[in-house]
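Asks: Once you've had a glance at the structure underneath, I'll fire off some questions.
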Amino acid sequence: MPGITLAGMTFDAHTLLFASLATLCGYQSILFAILTKTFAISEGLLPEDPRMNRFFGIVNLERGLIISSIALLVGVGLLAMAINHWRLTGFGHLDYAQTMRLVVPGATLTALGFQTILSSFFCKHFGNAPAMTEGGHKTFDAYADDYDVALAHGISVSGENKDYFAQRRIEWLRDCLNRIPAPITALMDFGCGTGSSSRLFFDILGVENFVGMDQSPKIFRGREEGIRFERAQFLLFDEYQPCGQFDLVFCNGVFHHIPPLERAAAIDYVLRSLRPGGYCSRSGRTILGIQALAM
């Protein structure tokens, strides 16, 4: 990368440094646009964008990691060459006009590669929530056979299993409900999945009646695997007509799957299921809380 002169202007190592800065700032701007839009779509703040779907159909996690790893390795290699030049001089003074031609692109590629690796995982995390569209149960049906395996893989970094998180979540809910004078005897689990946590509501909250609701017939195995027991029911959404019978509706990690235009109907479903003055506990990617709903 020798210096060049155009129209009487010499472009050398310092120009390379400015170009590196411009590249990093431009790439940061592109990443910011992609990440913020991905997050906004996954949280329902923006509708789905076909251009983003096409983009992620081409630039997936694996390709992102391959490209970023190559950039990272090339960058580290250039930095290693600069260090070797320093070694050859006996770790003395360097010709900065020469060594910066290795250091600047090396540092730039290393930074770009590292940023891309982290951004690839971020986009993978926030772009993997299937939507509960009409017929969307087919998407969840595809996960039915290995649902627990996929869930265990997703939370493996924590060192805990799904039962630990389910128990702690319901214990937290119990602590919140202790401040509420009215007893919670009838509970709906809105989006209960396989129903494996249903018994915890009896053991920890002391509810008397429980109904688990979900959309996917195949992933919803509560009726078929011995989870069903006295005072507990498992129903598909279209099998239950809300009639104001529940003291509490529990909803964990569901609403980010529901398209924004369908969320009003889902909230109405919850409201009509609650008795006057009932409560809704909703937790998800951005919200964790319990709210009194005056009817």
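Asks: From the list 225, 208, which residue is within 24 Å of residue 165 (Cα to Cα), of a type outside the set (A, V, I, L, M, F, W, C) and at pLDDT below 80? I'd like the intermediate steps shown before the answer.
Replies: Numbers: 208 fails: at pLDDT below 80.
Exactly one residue qualifies, and that residue is 225.
Asks: Residues being of a type in the set (D, E, K, R) and within 27 Å of the chain's Cα centre (by Cα): count how many of those fall in the stretch 176-198. Give the steps one after another, and end with the answer.
Replies: Taking the stretch 176-198 as the starting set, the residues that turn out to be of a type in the set (D, E, K, R) are 179, 189.
When the remaining residues are screened for being within 27 Å of the chain's Cα centre (by Cα), the result is 189.
Looking only at that region, the number is 1.
Asks: So the check is Cβ under 8 Å with 6+ separation or different chains; which pairs have a first residue in the stretch 28-39 that's assigned by TED's automatic domain parsing to the domain that holds residue 58 and modelled with pLDDT under 90 and a second one that's small (Gly, Ala, Ser) and not in a helix (DSSP H, G or I)?
Replies: Filtered contacts from the stretch 28-39: 38/127.
The values are calculated or read from the model by the stated rules, or taken from the named source; none is laboratory data. Everything numeric in this text was worked out from a predicted model, so none of it was measured. Reconstructed Cβ throughout: ideal geometry from the backbone, glycine too, with neighbour counts over all protein chains shown.
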